[in-house]
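Notes for the one structure printed next.
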């Protein structure tokens, strides 16, 4: 506000002339707000915050930033869990939330064109009367944006059967870091050239800014069955998951929650979960009626053979919705246990789920921390939440140490660093655990092809030692820029 | 310069580098780091992207299925393996992949990037690759993607390699997603039925083909569902069970699926067969080069230059060959 020094007068006045008075915020409150996302990373620092309403404005903002030698960081709803949207080094932040129009829905071609700020669930709600939906369904889908989904290649429970965001994005109109505009991909199935669309999706804002996205829309299933299986041990639940996949069943979703998180969820939303079980498995099969009926029966049988103490089939849509509400509010329910959480979203081969889970509990115990597990078991995507109160002295160090051990355990089991949350800044320095120097070098070559001058969301994805990743420099605010 | 062997010493300590096998490492030595080189498979689509410069050394990727894990629904396979051989091995466990089986190799299918005729049901080839190991222009083994069915760690090199025609890296080995083979599958054909009406009534068809008069549909799944789909089709007209799809002309067009009603008849010449819902059209006439905007062409140049600065990989060949506006993409600078 008035008390904030504004050494960037020239840039600010240029941005204001592009965006109008209501399209630019430079006050400290707004800048503090966009300096964070849903991760624990709190060392972000934002420059001017832009709220463009069109691709032309995005382009003009990027060109202005280029002229002033400033980096640009795109931002959706800020629900990311890896710090991907956290601005480093006081860059220009481009918040795309006002570009939130669904531009076109073509049911015949099964395509929708949307602006990046469209909220994930709003698109599905819009499509519902037509019998379609947008398949990626992250837990944050009530808030997160399609642009953010594209940036992070987001997943969600139903990606087990339907695939993550990249399988649902046909084309992206992008403002590149130098201000050029390019349409990547296309509505045709085999667009000419390299799959730059595929390269862009999951680029975490380091390859440019999406201004228009063509997404595939998916017909609603003809039949759905949701089962809740309760187990006396988390290992039994995990082994059931492996057995289901091994039997050749591809459920729409297979989610596991352990007792602690189930209790918290029950207190929070009263979803009807049993609170006396060590773990619950939420399984959903959808598709055509025959496969759904058979699939549900076989999952129930496999569960019982692996020690399920109860198997409940949701009787109707209301019960089904309640069960899913419980699952999707799990992260929120964690606040019942402690105010803060820190999580990794490593993936392990499904056969290693039970073993790695046991290790996760042991790691937490060694560091005297509470861990709760709620995860996409079907594709081996763990979400161990270390739950804590950051006001407790020294706890952050223990949390980070435990997190690091969880990552190592997952990778040692043949896993991957991130299944759906992305790398951002929080997981960046773990990348060398998964990739060798040559591998990272080639990822860097891809990044530099899009952004030769490191203007787009610097400091993300690739670890220190690669270009565009010098965190020390980024944390020193450039001269003449806000502190 | 001499070729550097796989993953070592640089990759020590990383999980990705740890898994590079001897065959892949040996192939990297063979590719080396000097002189024009290109990978050759079965030459089923050899002419795509233009003619290789004379003097280009040809190398064949290593062969063999490394590991099929039916319970993970993944298979690790070396790029020189024929797709048919891969599928025979997967079929023994009731699985398959989304790769097209047209007499080619795994690496060839991926470098070309053309999807199977049943892409509507099985998904595009680009979604099949979880992890790729390729030999870079300087003879190193690079691993992109991850070892699990779900992974967003870092940039998506596997998708960049699919369809790259061997111009930015030579695919040595991949980890592919597998799919269960459905219990029942059948091809049906009908004369005069509207293919979009067929699309409308079918829930998840594997393929719908149309030549302007006849429709062919591939239905797969649980026996009850296939029976239900057949009776739904029956309400549209008379259908006959056939052995398989009709013979396809050799050229391949890529059109937006929303434009298939009119464009094939107007542009593709006689004998075309369109994949409804997908947009691929098989025709005797080839698709005119598609224009590429300057900004996209420039990105292609930077990608090619970044991955192959000396232009030694498949010189003469370009993924934008002939595209109006593309300018030279292949080759060094």
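No value in this document is a laboratory result; all are computed from the given coordinates. Remember, it's a predicted structure, so these values are computed and weren't measured experimentally. Here Cβ is always computed from backbone atoms with ideal geometry, including for glycine, and neighbour counts include all displayed protein chains.
Where does each of A:222, A:328 land when they are ranked from fewest to most other beta-carbon atoms within 10 angstrom? Please report the intermediate quantities before stating the final value.
On the way: A:222 16, A:328 21.
Fewest-to-most Cβ neighbours within 10 Å comes out as A:222, A:328.
Average partner chain C-beta neighbours within 10 Å, per residue of A:446-452? Before the final figure, lay out each step's value.
Working: counts 11, 3, 4, 11, 5, 1, 2.
The per-residue average across the peptide is 5.
Using alpha carbon coordinates only, what is the Rg to Rh ratio of the stretch A:1-73, with Rh defined as the Kirkwood radius?
Details: Rg = 12.4 Å, Rh = 12.9 Å.
In the stretch A:1-73, Rg relative to Rh is 0.96.
What number, in percent, do you get for the relative contact order of the stretch A:338-412 if the mean sequence gap of Cα pairs under 8 Å and at least 6 apart is divided by its residue count?
Working: 113 pairs, mean separation 32.5, N = 75.
In percent, rounded to a whole number, it is 43.
Please work out the Cα convex hull volume for chain A and give it in Å³ per residue. Can you show the working numbers first?
Working: hull volume 71.4 nm³, N = 483.
With only Cα atoms used, chain A gives 148 Å³ per residue.
In cubic angstrom, how much convex hull volume per residue do the alpha carbon atoms of the protein assembly as shown span? Spell out each step's value before the answer.
Values: hull volume 124.9 nm³, N = 816.
Spelled out: Cα convex hull of the protein assembly as shown, divided by residues, is 153 Å³.
I'd like the mean, over residues of B:258-269, of how many other protein chain beta carbons sit within 10 Å of each residue's own Cβ.
On the way: counts 7, 3, 1, 1, 0, 0, 0, 0, 0, 0, 0, 0.
Mean shielding count: 1.
Quickly rank A:452-463, B:51-62 as a protection proxy: mean count of other C-beta atoms within 10 Å, highest first. Display every interim value, and only then the final one.
Values: A:452-463: 23.6, B:51-62: 15.6.
Those peptides, ordered most packed to least, come out A:452-463, B:51-62.
Is the shape of chain B best called rounded, prolate or oblate, per the rule: a/c under 1.5 gives rounded, else a/b larger than b/c gives prolate, else oblate, with a ≥ b ≥ c the square roots of the Cα gyration tensor eigenvalues? Show your work: numbers first, answer last.
Numbers: a/c = 2.44, a/b = 1.48, b/c = 1.65.
Oblate, since a/c reaches 1.5 and b/c is not below a/b.
Calculated from DSSP H runs of 4 or more alone, at -39500 (n - 2.57) each and per residue, what is the 222 nm mean residue ellipticity of chain A, nearest 500?
Rounded to the nearest 500, it is -10000 deg cm²/dmol.
Over the stretch A:338-412, what number does the Rg to Rh ratio reach, with both radii from the alpha-carbon atoms and Rh per Kirkwood?
Working: Rg = 11.9 Å, Rh = 12.3 Å.
Taking Rh as the inverse mean 1/r over Cα pairs, Rg/Rh reads 0.97.
Want the number for residue B:67 to residue B:22: 0.36 nm per residue separation, take away the alpha-carbon distance, what's left? It would help to have the intermediate numbers written out before the result.
Values: separation 45, 0.36 × 45 = 16.20 nm, distance 1.46 nm.
Gain on stretching residue B:67 to residue B:22: 14.7 nm.
Tell me the label-point distance for the pair residue A:128, residue B:186, using the 7 Å Cα-to-Cβ offset, in nm and rounded to one decimal.
With each label point 7 Å from Cα toward Cβ, the separation is 3.7 nm.
Binned at 5 Å from 0, what are the whole-percent values of the Cα-Cα distance distribution for the stretch A:223-329, short to long?
Cα pair-distance distribution for the stretch A:223-329, in percent: 2, 14, 26, 25, 20, 10, 3, 0.
If you count, for each residue, the other Cβ atoms within 10 Å and average over each peptide, how do B:22-34, B:126-138 line up from highest to lowest?
Values: B:22-34: 19.4, B:126-138: 24.6.
Highest to lowest by the protection proxy: B:126-138, B:22-34.
Between residue A:297 and residue A:322, what length in nm is gained on full extension when 0.36 nm per residue of separation is reduced by their alpha carbon distance? Working shown, then result.
Values: separation 25, 0.36 × 25 = 9.00 nm, distance 2.15 nm.
Once the chain is fully extended between residue A:297 and residue A:322, it gains 6.9 nm.
When you count, for each residue, the other Cβ atoms within 10 Å and take the mean per peptide, how do A:168-175, A:185-192 rank with the highest first?
Most protected by this proxy first, the peptides run A:168-175, A:185-192.
Residue by residue through A:415-422, how many Cβ atoms from other chains fall within 10 Å of the Cβ on average?
6
How do B:275, A:266 line up, fewest other C-beta atoms within 10 Å first? If you can, show how the numbers build up before the last one.
On the way: B:275 27, A:266 17.
Lowest to highest Cβ neighbour count: A:266, B:275.
How big is D for the stretch B:245-333, in µm² s⁻¹ as a whole number, if Stokes-Einstein is applied with the Kirkwood radius of its Cα pairs at 10 °C and 1.306 mPa s? It would help to have the intermediate numbers written out before the result.
On the way: Rh = 14.8 Å.
Rounded to a whole number, D works out at 107 µm²/s.
Compute for the stretch A:278-362: radius of gyration divided by Kirkwood radius, i.e. Rg/Rh, restricted to C-alpha atoms, rounded to two decimals.
Working: Rg = 15.8 Å, Rh = 15.7 Å.
Looking at the stretch A:278-362, the ratio lands at 1.01.
May I ask you to work out the translational diffusion coefficient for the stretch A:102-219 at 4 °C, viscosity 1.567 mPa s, via Stokes-Einstein with Rh from the Kirkwood sum over Cα pairs, reported in whole µm²/s?
Values: Rh = 14.0 Å.
Roughly 92 µm²/s, to the nearest whole number.
Over the stretch A:102-219, what is the relative contact order in percent, taking alpha-carbon pairs closer than 8 angstrom and at least six residues apart?
Working: 233 pairs, mean separation 37.1, N = 118.
This gives 31 percent for the stretch A:102-219.
Gain in length, residue A:310 to residue A:29, computed as 0.36 nm per residue apart minus the alpha-carbon separation, to one decimal in nm?
Values: separation 281, 0.36 × 281 = 101.16 nm, distance 5.07 nm.
Result: 96.1 nm gained on full extension.
Per residue, how big is the convex hull around the C-alpha atoms of the stretch A:91-146? Give it to me in cubic angstrom, could you? Please list the in-between numbers first.
Numbers: hull volume 5.0 nm³, N = 56.
For the stretch A:91-146, the hull spanned by Cα atoms encloses 89 Å³ per residue.
So for the stretch A:223-329, averaging the separation of alpha carbon pairs under 8 Å that are six or more residues apart and normalising by length, what relative contact order in percent results? It would help to have the intermediate numbers written out before the result.
Values: 185 pairs, mean separation 47.7, N = 107.
Over the stretch A:223-329, the number comes to 45 percent.
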